[in-house]
Amino acid sequence: LIRDRSQRGSPASIAAVGFGLSAIHTGVDRGWISRTAARDRVLATLRTFWEAPQGTGVSGTIGYRGFFYHFLELATATRMASWDTELSSIDTGLLLAGILDARQYFDRTDPAEAWIRELADSIYARVEWDWMRNGGASLSHGWNPSTGFLPYRWVGYNEAMILYLLAIGAPAH
């Protein structure tokens, strides 16, 4: 996981993780990290996002219906409950973009690289885009286990474009 800010005590941000996954292959290509070390980091990250519990609880989960909480506890990879953080559609989209970028980079026949591709596909396929519409024509900004869907929606030409491209290309939902 990657901290949201460099300040001590800062939680992890799933968007920061997505950006980190997109950047790690630059480190490999520039010789700053070995491909094996990068592969192992990416694999550990994807395993966390695939294996950590999903559910409606206010604590102890990483996400719900394939979406992930905006902020996570670094030690447990679970919802930052003390901040009452939401499932974030846009931050999940940025995380997925990083996951899919890593999927494309780690394209060798090595079993660990094949596992990265399998996990990336599984994480992406699990996202229930139709649920995040909450009956509307556009995606909600997010969902909170205590209060439900946020009242704001993604419309217009803005950062939501990545969400709609991911949803259009999704293998399910």
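Once the 1.4 Å probe is applied to the protein heavy atoms, the chain comes out at 49 Å² accessible per residue. At q = 0.13, 0.22, 0.25 Å⁻¹ the log10 of I(q)/I(0) for segment 5-88 amounts to -0.45, -1.03, -1.18, computed by Debye summation with a single uniform scatterer per C-alpha, solvent ignored. Solvent-accessible area of Tyr105, all protein chains in place: 40 Å² (probe radius 1.4 Å, heavy atoms, ligands and nucleic acids excluded). Computed from label points 7 Å out along Cα-Cβ, the spacing between Arg3 and Asp40 is 2.3 nm. Pairs of Cα atoms nearer than 8 Å and 6+ residues apart set the relative contact order; for the chain it is 21 percent. In terms of its Cα atoms, segment 65-160 spans 45, 34, 20 Å along the principal axes, sorted from long to short.
Taking other residues whose beta carbon is less than 12 angstrom from the beta carbon of Phe106, and scoring Lys, Arg as +1 and Asp, Glu as -1, yields 0.
Centre-to-centre separation between the Cα atoms of segment 33-93 and those of segment 128-159: 19 Å. Neighbours of Asn144, meaning other residues whose beta-carbon lies under 11 angstrom from its beta-carbon, give a summed charge of -1 when Lys and Arg score +1 and Asp and Glu score -1. Compactness check for the chain: Cα Rg over 2.2 N^0.38 Å is 1.01. Here the accessible area of the chain is 53 percent carbon and sulfur, with a 1.4 angstrom probe and all protein chains present. Computed on protein heavy atoms with a 1.4 Å probe, the accessible areas place Thr78, Thr48 in the order Thr48, Thr78, largest first. Comparing Ile24, Ile62, Ile99 in a Gaussian network model of the chain, where Cα atoms under 10 Å apart are tied by springs, the biggest mean-square fluctuation is seen for Ile24.
Computed over neighbours whose Cβ is under 11 Å from that of Gly60, the net charge equals 0, Lys and Arg +1, Asp and Glu -1.
The values are calculated or read from the model by the stated rules, or taken from the named source; none is laboratory data. All values reported here derive from a predicted model rather than from experimental measurement. Glycine gets a Cβ as well: all are built from the backbone with ideal geometry, and neighbour counts include every protein chain shown. Note: accessible area is taken over every heavy atom of the protein model, side chains too, but ligands, DNA and RNA are not part of it. Shrake-Rupley method; radii C 1.70, N 1.55, O 1.52, S 1.80 Å.
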